[in-house]
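Contents: one structure, followed by commentary.
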Amino acid sequence: MSADQAISTVELTKSYGRSRGIVEITMSIAAGEVFGFLGPNGAGKTTTIRTLLDFIRPNAGHATVLGLDPQQDVVEIHRQVGYLPGEFSLYGRMSGRDYLAFFASLRGGVDRRIVDELADRLQSDLDVKIASLSHGNRQKIGLIQAFMHRPRLLILDEPTQGLDPIVQQTFHELVLEARGAGQTVFLSSHVLPEVERVCDRVGIIREGRLIAVEDVGELKTHAVREVELHFAEPVPAEAFAGLPGVRDVEIHGDVVRCTVAGSMDRLVKAAARYEVIDVESHEPNLEDIFLTFYGRDGAEPA
Amino acid sequence: MIVFRKTLGDQRRGLIGWTIGLVLLVLVYMAVWPSIRDSAPQMDAYIKNLPKVMRELFIQGDYGTPVGYVSSEIFGQLGLLLIVIAGIGLGARATAAEEETGTLDILLSTPVTRRRVLLEKLAALAVQVAALAAILSASIALLGPSVGLQVALGGLVAVTVSLILLGLAFGSIALLFGAWTGRRSLAIGLTTALAVAGFVIDGLSKVVDWLEPARFASPFYYYSANDPLKNGLDPWHALALAGLAVVAVALAAAVFERRDLTTT
């Protein structure tokens, strides 16, 4: 396995009982990449991640993390990885500061300035007992815990859960800075916009199977949005007929609703001829992407 | 020893509670000692009339003497029970509580092995069981003389060591079940069932002939058969209890290292 691969899996399979689990996941994440692992809840994201960190063992296939085998060299992997679980609890009786100091000592010491800077940027109050913190504020401490030792690889399971939008923005900056510093980031999410914003590539997982790996740029050109335009006065139907990539056009007086695949350019230029009061664009949900981009059964697009 | 120190720190409130409980227990036993001693002849007559099963299960030794009283009432009943319960509770909590509450994933994502976490939790258990048994015995040694109850220090040390080993053995079994199932209540339930069975077998085997060979299967036999308060520690019995703990811990480490850990 080449050393410039941060993570690689070959037909990684883990089954529990009948439904949950992952099936033959094969993927490769390059060092320095930000990779989004996208899929609905229960698709197998957490199972894959926990296999990479040797919390659970695969039934078949194998994984390599930073060139090491999780079942052989778990301590070395853990030393170089920062991990945020999807579901976790912190030690409620500790303050954030004590909690982070405990984990810093388990990692052989961490520069306190890094902890303070992360806490400051994420607006995390480290002097409060964790038990009295909201879900979002606990998530911040989990994030600091994952970032504070500047790991070569960050594995983050649904990192923005419960974070308010401003803090999500800060998190996205942290991810991009990590990439700038040569760190690799593997993050899972069930929301597309987040993945689009920070990731270089995205793997889409559904029902335990990796159904596609795409460049985010590619995904954006295929992405389908629902757009609603409000005009100052009624507009003629012809103005929006036959625009490439624009479908399902409905015109009700001064309101135009349509679906746009890929670039918004044509639609915006067509609309610009009239007085536009408001534009609403809805990001598609994952299910829509699967249905439109990958076809009803999850097959590749035609 | 970072996990060890944190575990002790987390459990210090519990330890303080147990300490208060044990000292109060000894206080009560010491307070009633003078009246027990004075009514020893009537007690003996009463005990003689009890069915043999009752006598063997609940009354060991000679009530009217300090050694008999302390040995049967404290080290044979409530004091024994409390130390075993403390050991089971701490053992069941060791890894299973973190697994159940969902703190274990982050803990194990650091460069500490599963085995190391388990062993440091065990060390915290051992220190606490030893401290509690020592507190129990120290209370007897310190409070006894004020009511004229004196037991030889050597015997007290012997029974304390024996009690620590018994608490460690049950604590290790609970730790094994907790490491195996990831569920604290299951670990407590299974270990308590084993302890009750062991206690009953140890008592009944003295009166029920066909149960007699089974008494070697009960940890309580190795704890009390030699009556350490009176006769000192039997090294083979001590070794049997220590061996039981070692086997349980080795199994726990093996199971815990190989298992799929659960999430909340």
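The values are calculated or read from the model by the stated rules, or taken from the named source; none is laboratory data. Since this is a predicted model, take the numbers as computed values, not measurements. Glycine also receives a Cβ, built like all others from the backbone with ideal geometry; neighbour counts cover every protein chain displayed.
Here are some notes:
- Scope segment B:227-264; condition in a loop (DSSP other than H, G, I, E, B) and either closer than 30 Å to B:G68 by Cα or away from chain A (no Cβ under 14 Å) (or both); matching residues: B:D227, B:G232, B:L233, B:D234
- Subset of segment A:19-75 that is in a loop (DSSP other than H, G, I, E, B), small (G, A, S) and closer than 17 Å to A:V202 by Cα - its residue that is nearest to the other protein chains (Cβ to nearest Cβ): A:G44
- Answer residue from segment B:87-115, given it is more than 9 Å from chain A (Cβ to nearest Cβ) and among the basic types (K, R) and is nearest to the chain's Cα centre (by Cα) among those: B:R93
- Residue in segment A:105-117 that is surrounded by the fewest Cβ atoms within 10 Å (Cβ to Cβ), counting only those that are closer than 11 Å to A:H149 by Cβ and away from chain B (no Cβ under 13 Å): A:D111
- Contacts under 9 angstrom Cβ, first residue in segment A:56-71 being on the phi < 0 side of the Ramachandran plot, partner aromatic (F, W, Y) and assigned to a loop (DSSP other than H, G, I, E, B), 6 or more apart: A:I56/A:Y16
- The sole residue among A:Q169, A:Q123, A:Q161 that is away from chain B (no Cβ under 12 Å), more than 22 Å from B:G102 (Cα to Cα) and assigned to a loop (DSSP other than H, G, I, E, B) is A:Q123.
- So B:I188, is it within 23 Å of B:R93 (Cα to Cα) and of a type in the set (V, I, T): yes
- On the stretch given as segment B:50-80, residues that are among the β-branched types (V, I, T) and not in a helix (DSSP H, G or I) total 2.
- Residue in segment A:78-92 that is assigned to a loop (DSSP other than H, G, I, E, B), over 23 Å from A:L163 (Cβ atoms) and within 13 Å of chain B (Cβ to nearest Cβ) present: no
- Residues of segment B:124-164 that are assigned to a helix (DSSP H, G or I), farther than 19 Å from B:T19 by Cβ and small (G, A, S): B:S146, B:G154, B:G155, B:A158, B:S162.
- Among the residues examined, B:I83 does not qualify as surrounded by fewer than 20 Cβ atoms within 10 Å (Cβ to Cβ) and in a helix (DSSP H, G or I).
- In segment B:41-54, the residues that are over 12 Å from B:G203 (Cβ atoms) and free of Cβ contacts under 8 Å to residues at least 60 places away in the same chain reach residues that are among the hydroxyl-bearing types (S, T, Y) and not in a helix (DSSP H, G or I) with C-beta atoms within less than 9 angstrom, at least six apart or across chains, in these pairs: B:M43/B:Y63; B:D44/B:Y63; B:I47/B:Y63.
- Residue within segment B:134-152 that is under 25 Å from B:A253 (Cβ atoms) and either modelled with pLDDT under 95 or of a type outside the set (K, R) (or both) present: no
- Complete set of residues in segment A:178-203 that are among the aliphatic types (A, V, I, L, M) and modelled with pLDDT under 90: A:V191, A:L192, A:V195
- When restricted to residues that are among the basic types (K, R), within 14 Å of chain B (Cβ to nearest Cβ) and part of a loop (DSSP other than H, G, I, E, B), segment A:126-158 contains 1.
- Verdict on A:A178 being more than 9 Å from chain B (Cβ to nearest Cβ), out of contact with any Lys or Arg (no Cβ under 8 Å at 6 or more places or on another chain) and within 27 Å of A:I7 (Cα to Cα): yes
- Subset of segment A:94-104 (residues that are touching a residue at least 24 places away in the same chain (Cβ under 8 Å) and either more than 7 Å from every other protein chain (Cβ to nearest Cβ) or more than 18 Å from B:E99 (Cβ to Cβ) (or both)): A:M94, A:S95, A:G96, A:R97, A:Y99, A:L100, A:A104
- Members of segment B:110-148 that are among the small types (G, A, S), more than 27 Å from B:V246 (Cα to Cα) and in contact with a Leu (Cβ under 7 Å, 6 or more places away or on another chain): B:S139, B:A141
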